[in-house]
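Working notes for the structure below.
Readers should treat all values here as calculations from the given coordinates under stated rules, not as data from a laboratory. No experiment lies behind these values; they were computed from the predicted model shown. Here the Cβ positions follow ideal geometry from the backbone for every residue, glycine too, while neighbour counts run over all protein chains shown.
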Amino acid sequence: MQIKNKSILITGGANGIGFLLLKKLIEKGANVIVLDNDKNKLKQINKKFKDYKNKLYFFDCDISNNASVALVIKKVFKLFKNIDVLVNNAAVLQDSLLISIFKGKIKKLPLDNWHKVINTNLNGTFYITREIVEKMVINRTNGLIINVSSISSYGNSGQSAYAASKAALNSLTVTWSQELQNFDIRVAGLSPGITDTDMPKNSLSNTLLENWRQKIPLKRFAKISEIMKGLIFIIENDYFNGRILEIDGGLRI
């Protein structure tokens with residue numbers, strides 16, 4: 001797929017991988033729609049990219065809320081006849097062991113943590129993909145869905161909710177690629193290893209980060225630009241479908 005003049009929607013596009021992707025897509029001439037619930041970041045980006053006001057659009061949206069998603073997607077399709085690509089990038093990470101013992105007391109994984117991660121990473125991806133695919137089918141769009149997964153999808157201690165949500169995304173990637181083949185809609189996934197973004201820095205101690213760094217054969221975390229190049233590859237390669245592209249530096253959990 002040629003990126004120029006295509007309409008591409010990114011969830012969680014105000015930070016990290018999503019933010020760098022929107023910059024690259026704008027450079028390549030795409031129309032970019034960003035959904036995020038970080039209002040302050042959206043305002044900052046809007047000011048920074050004011051010269052692209054006819055190519056870049058922002059919507060405050062909590063994708064874990066189906067009603068909010070449905071409302072925002074209606075607004076999006078008032079601006080654009082088609083959405084050619086959906087990048088399901090939004091995610092939250094809240095680490096917690098299933099059971100831990102501290103000072104003789106047992107602590108269980110908080111239900112609030114579980115629900116927040118699953119509702120955003122899994123349910124939110126389902127909600128928005130459901131709405132976008134409906135429009136793609138109605139408009140006969142030869143579209144693409146990209147699900148951003150994680151190396152944690154194989155299972156990682158302390159990440160019950162996050163690992164489960166990302167493993168589910170991998171399964172949905174394969175399932176949807178089979179279901180949507182007759183509509184000429186590709187579905188693919190991208191699975192980054194530990195990337196140099198705020199998410200791992202905010203959730204892991206420096207000691208743990210260094211331990212993970214030493215486990216990576218390349219002895220470093222991925223650059224955001226390296227993950228972004230994987231996303232661009234998936235968009236531009238029309239034969240990549242129903243698979244998960246792993247960019248993890250050789251790390252195996």
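How high is the relative contact order of the chain, in percent, counting Cα pairs under 8 Å that sit 6 or more residues apart? Could you put the intermediate results ahead of the total?
Numbers: 462 pairs, mean separation 48.3, N = 253.
Over the chain, the number comes to 19 percent.
Which whole-number percent gives the relative contact order of the range 152-253, counting Cα pairs below 8 Å spaced six or more residues apart?
On the way: 124 pairs, mean separation 36.5, N = 102.
Result for the range 152-253 is 36 percent.
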### Too-long pairs where the Cα-Cα distance tops 18 Å, listed order kept, from K6/K53; K50/K229; K24/K55
K50/K229
## Note on the structure
Per GNM of the chain with C-alpha springs under 10 angstrom, the most fluctuating residue out of T141, T129, T207 is T207
### Neighbour-count order for F80, F59, fewest beta carbons within 10 angstrom listed first
F80, F59
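At 15 angstrom or more along the helix axis (alpha-carbon based) and mean Kyte-Doolittle of 1.0 or higher, what helices does the chain contain? Whole DSSP H runs only. It would help to have the intermediate numbers written out before the result.
Values: long enough: 16-27 (17 Å, 1.24); 66-79 (20 Å, 1.08); 125-139 (21 Å, 0.33); 160-179 (28 Å, -0.02); 224-236 (18 Å, 1.45).
Answer set is 16-27, 66-79, 224-236.
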### Query
What is the spin-label model distance, in nm, from S157 to K53 if the labels are put 7 Å beyond Cα along the C-beta direction?
5.4 nm
#### Entry: Given K43/K116; K48/K78; K74/K223; K75/K223; K78/K166; K107/K201, the pairs whose alpha carbons are separated by over 27 Å
K74/K223; K75/K223; K78/K166
### Query
What are the aspartates and glutamates whose alpha-carbon lies under 14 Å from the alpha-carbon of K219, with same-chain residues fewer than 8 places away excluded?
D196, E210, D248
### Estimated D of the range 1-132 in µm² per second, where Rh is the Kirkwood radius over Cα pairs and Stokes-Einstein applies at 4 °C, 1.567 mPa s
81 µm²/s
### Alpha-carbon Rg with Dmax, taken over the chain, Å
18.1, 60
## Note on the structure
If each K or R counts +1 and each D or E counts -1, the residues other than L122 whose Cβ falls under 15 Å of its Cβ total +2
### Query
With the chain treated as a Gaussian network of Cα nodes joined by springs under 10 Å, which of N88, N170, N237 yields the largest mean-square fluctuation?
N237
### Message
Which residue fluctuates most in the GNM of the chain (Cα springs below 10 Å): D62, D112, D36?
### Response
D112
### Message
Need one number for the range 138-248: average projected area of the convex hull over its C-alpha atoms, nm².
### Response
7.8 nm²
